[in-house]
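What follows is one structure encoded as structure tokens, with my remarks underneath.
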Amino acid sequence: MDPPIPDADPPIPDADPPIPDADRSVQDADPPVREGERDTALQQLQDAYAEGHLSHEEMDARLDRVLTADTRSRLVSALASLPAMSAGTTSTITAASGRIRRRGAWRVPRSLKVESAFAAVRLDLSRAVIEHAVTDIELRLGTGTAKIIVPRDALVDIDGLHTGWKDSPYNAPRRTRPGGPRIRISGSMGFGRLKIRHARR
């Protein structure tokens, strides 16, 4: 007697079987960078740079890592060891000696204090991100040199600034463009040299 013929062919297994939960958890352990996370990381770097916690060279290196990070762990790694940024709008940069430099597309806080006895200070705001209509820069400097470059259309106020020299550190341009940011520079400087000028372009 012949064996019975089955009613239907056996089911064909799926080409891509479901991923077990254990394997899925390993796969999701390092998810890709989501929309908005990279922008947040870039903002954290800019804040740390404005606060004086990063040198220009370290800022460039970390920016490259943030822009090329394809997973969240790599993005977090690029922000390692950064101090927590305060929620306020006042930043202080302090250095006893050496050099204080800010340039490029750095984010200028609403109020910036620069304190140093002998450091050479250079603040270049020509390409900086200025989010406030009025920015206050307070200098507490000793015998070092300082140079501040402001945007071409900026309105500069130095009424609150006291220096040890009789000549003015700033000569206002004959013509200014309306609508530019207002930058108030105050504080005191000993016998170090201070120069404030507008960007040429």
Among strands (runs of 3 or more DSSP E) lying entirely in region 46-131, which contain 2 or more residues that are touching a Pro at 6+ places or on another chain (Cβ under 9 Å)? 90-95
Any idea how many residues of region 192-201 are open to solvent by 40 Å² or more (accessible area, probe 1.4 Å) and assigned to a loop (DSSP other than H, G, I, E, B)? 3
With open to solvent by 40 Å² or more (accessible area, probe 1.4 Å), at pLDDT below 85, farther than 24 Å from residue 122 by Cβ and among the small types (Gly, Ala, Ser) as the only criterion, which of 97, 77, 55, 81 stands out? 81
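Per-residue answers, yes or no, for (1) of a type in the set (Asp, Glu); (2) open to solvent by 20 Å² or more (accessible area, probe 1.4 Å); (3) more than 17 Å from the chain's Cα centre (by Cα):
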{"position": "104", "(1), (2), (3)": "no, no, no"}
{"position": "108", "(1), (2), (3)": "no, no, no"}
{"position": "113", "(1), (2), (3)": "no, yes, no"}
{"position": "116", "(1), (2), (3)": "no, no, yes"}
{"position": "123", "(1), (2), (3)": "no, no, no"}
{"position": "126", "(1), (2), (3)": "no, yes, no"}
{"position": "131", "(1), (2), (3)": "yes, yes, no"}
Scanning for something open to solvent by less than 30 Å² (accessible area, probe 1.4 Å), over 12 Å from residue 194 (Cβ atoms) and in contact with a strand residue (DSSP E or B) (Cβ under 9 Å, 6 or more places away or on another chain), does region 134-141 turn up at least one residue? yes
Would you say residue 124 is farther than 21 Å from residue 190 by Cβ, at pLDDT 90 or above and not aliphatic (A, V, I, L, M)? yes
Starting from residues that are polar (S, T, N, Q) and assigned to a strand (DSSP E or B), keep the ones in region 153-191 and report whichever is nearest to residue 111 (Cα to Cα). 186
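The values are calculated or read from the model by the stated rules, or taken from the named source; none is laboratory data. This structure is a prediction, so every number in the text was calculated from the model and none was measured. Quick reminder, even Gly has a Cβ in these numbers, built from the backbone with ideal geometry, and neighbours come from all protein chains shown. Accessible surface is based on the protein model in full, side chains and every heavy atom, while ligands, DNA and RNA are left aside. Shrake-Rupley method; radii C 1.70, N 1.55, O 1.52, S 1.80 Å.
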